[in-house]
Every structure is written in C-alpha cells, then in structure tokens.
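This report refers to the structure that appears directly beneath it.
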Amino acid sequence: MILYFLITCLSFFFFTKSLSLPPWASETKTLLSFYFIKNPFMNTLHQTTHDPASPVIDQMSVLDLPELALDCILDLLPPSGLCSMARVCSSLRERCVSDHLWEKHLKTKWGKILGPAAHREWQCFISSTYHLDSPHQQTGNLGFAKIVSLIRSLSSVFRDDKQRRVYSSSLPLDSSMSCYLSLETGRFWFPAQVYNRENGHVGFMLSCYDAELSYDTHTDTFLARYPPHGRRAAAVEKGVTWDRIREAPIDASPHHLYVSDSLKELKPGDHIEIQWRRNKEFPYGWWYGVVGHLESCDGDLNHCHCQLSETVVLKFNQYTVGSRWRRTMVMRDHKEEGNEEDGFYGGIRKLNCKEEIAMWKRHWPCSILE
C-alpha cells in the first residue's frame with residue numbers, strides 16, 4: 001500500500017514538472033506559500049481577513065468607540081488636540097467643548113494664580129462686547145500656536161448658520177474653554193499679585209503688589225500693568241515669569257486695611273507679611289518679615305516673654321543693620337501706624353503655609369539692601 005502511494009506521488013511530481021505552466025502560476029504559488037508560512041494556523045482556525053479598502057472599514061470612525069473609551073481619549077488630549085477634534089464634526093464638537101474637559105486644563109495651568117477677584121473680572125469681561133472672536137492682541141508661535149490659529153476657525157464652525165445662533169449655544173462665553181482660550185491668547189487681563197515688581201526694583205524687594213496681567217505666548221511670560229500710585233502714572237512691566245505671580249491672599253481692594261486675626265499669638269520667629277504703603281494715596285503692598293525679640297530680651301527661648309508684651313517687633317532682614325527699614329514695632333491692637341516719612345504699616349498676616357514662606361525666600365535679593 002505504501003509502495004503504491006509512493007509510486008503515485010512520484011508519477012504526479014514528474015508529470016507536473018513536464019508541464020509548461022504560465023508565468024502567473026508560479027507567482028501565485030510563491031505568494032500562497034509565503035502567505036501560509038506567515039499564517040501557519042490559517043487552515044485550522046478558518047480565520048477570515050478583511051480587505052483594507054472594503055466599505056466596512058471605510059465606515060468606521062472614532063465615534064464607533066464605546067462612550068467610556070471615547071471619553072478617556074478626549075480626557076487625555078491637550079488643549080490643542082481638543083480644538084482640532086472639535087473641528088471634525090458636530091458630535092465631537094459638542095464633546096470637545098464641554099466644561100468637564102476644559103476645567104481640568106484650566107485648573108492645572110491657571111488655578112494657582114486665579115483668585116476670586118480674577119473670577120469676578122472674568123464675569124465682567126464676558127458681559128462686555130469683547131467676545132471670543134474679536135481681534136486678539138497677540139499670537140503665539142510655541143505650544144499653543146495652533147490654538148490661536150484655530151480660534152477664528154472654531155468661531156466659523158460654531159456660527160455657520162445665517163442667524164448665527166449656534167455659536168452661543170455651542171460655546172457659551174462663560175464656558176471653561178472660552179476662559180482658557182482668552183487667558184492663553186492674552187485677551188483677558190486678570191488681577192493677581194507680582195513679587196519684586198518692576199524687574200526687581202530695589203525699592204520693592206521682598207514685596208508683592210497688585211497688578212493686571214496678560215499672558216504672552218511668545219515668551220511664556222506675562223505683561224504686568226500696575227495701578228497708578230498717587231500722581232504717578234501706571235507702570236508696565238514685561239517678561240514677568242510664572243514664579244513671580246500669586247493669587248491675592250485676601251479678597252479685598254489693595255486700598256483696604258486688612259483686619260489681622262493673629263496679632264495676639266505672634267511670637268519671635270514667626271513669619272509674617274504686612275501691608276505697607278508710602279502714603280494714603282498709594283495702595284497697599286505686602287512685605288515679608290519675621291517677628292523679632294524686644295531689646296530687653298536676650299533671645300533665649302527659655303526665658304523669652306516677648307509674646308506677653310503688647311508691642312510686637314517686626315524685622316525685615318533683607319535690609320542692612322542700621323537701616324531705618326530693617327526694624328519696626330507695632331501694637332498688638334494696631335490698625336494702621338506710620339507717617340509720611342516712613343510710610344504706613346497696615347494689617348499683618350501670619351504665614352503658616354511652608355509653601356508661602358518658601359516662595360518669599362526664593363525671591364530673596366542677591367545682596368543686602370541699604
């Protein structure tokens with residue numbers, strides 16, 4: 001039986017060799033051999049493959065993904081990616097402009113420098129006629145150049161009907177996306193505070209003053225516009241870096257006196273910041289200092305009774321010994337003390353947050369001031 005099988009196989013082999021097959025037959029044989037070598041389990045598993053150009057594949061899109069998967073993808077996109085996706089179709093547009101996606105980006109980048117005053121200013125901004133698609137003051141060419149270039153195209157996508165009503169319903173001016181883009185492109189000037197104002201002017205070292213800020217995407221810095229002081233015109237500073245900006249510690253006008261709530265507990269070694277202004281026409285700035293010992297105290301903590309005194313010594317060690325600005329004394333029940341020569345000292349905040357103290361120390365001057 002085996003001998004018969006071998007004779008039959010050999011006969012068939014020599015018979016096929018004697019035939020002259022067309023060229024396509026050998027090519028087909030080679031392709032099929034390669035295909036089955038690469039797919040050794042094809043015959044046993046009976047797998048089927050789809051033509052990449054088939055209509056079924058062409059009809060698939062990102063919208064065919066499950067809701068959870070699509071939301072996870074959009075949640076991972078950067079702001080520029082969300083702007084690009086919003087231009088694909090109306091369904092993705094509704095998803096990509098939603099607040100829950102943009103609130104995260106807004107908080108991550110801007111959360112530490114936007115306080116209650118900035119939020120109030122934003123409400124005034126969106127109630128004005130200065131809308132999202134108005135001509136912007138500057139455009140960036142770095143991380144968010146795409147965002148800037150997409151703002152107008154987004155506006156046209158949202159307002160492509162004759163009545164222009166889709167824009168207001170698709171991207172409300174009070175949306176998180178609108179706020180983010182207005183900040184990113186510098187159209188929205190927001191209130192905050194700047195350390196060592198006017199490029200570290202010697203007269204403002206270790207102080208923090210209120211200003212209006214506008215972001216510059218070219219340099220990843222800010223333009224600061226300080227309010228006028230008395231008869232002095234408003235000062236403008238360029239190139240303010242992120243590390244020099246903070247949210248205002250109290251939600252009040254810089255012309256209002258801060259009512260201190262920690263004067264009774266102040267003791268030597270405590271870190272503080274105190275309001276100070278040159279005269280009554282000036283707004284307050286915050287100045288960093290520490291609580292010192294009375295002259296009658298030797299500084300020994302085991303015998304120190306400075307905390308029991310009604311007088312509190314404040315030291316500003318950025319100034320040299322003997323400077324009239326290095327040391328001052330205030331009463332624990334004080335409101336505002338001073339004169340036209342030395343300025344006026346206002347409310348005191350005790351600094352309990354290590355991050356606040358570290359921020360002040362990072363701005364310590366390179367040399368002691370006179």
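Overview of values
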quantity	calculated
Environment charge of Leu301, counting only residues whose C-beta is closer than 15 Å and scoring Lys/Arg +1, Asp/Glu -1	-2
Entries of Lys264/Lys361; Lys104/Lys354; Lys238/Lys354; Lys335/Lys361; Lys112/Lys350; Lys107/Lys280 with Cα pairs more than 32 Å apart	Lys107/Lys280
Mean shadow area of region 240-370, taken as a quarter of the surface of its Cα convex hull (nm²)	9.1 nm²
Charge sum, other residues only, whose C-beta stays under 14 Å from Tyr195's C-beta, Lys/Arg counted +1 and Asp/Glu -1	-2
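Since every read-out is calculated from the coordinates, none of them should be taken as a lab result. Not measured: the values here are computed from a predicted model. Every residue, glycine as well, gets a Cβ built from its backbone with ideal geometry; the counts of neighbours run over all protein chains shown.
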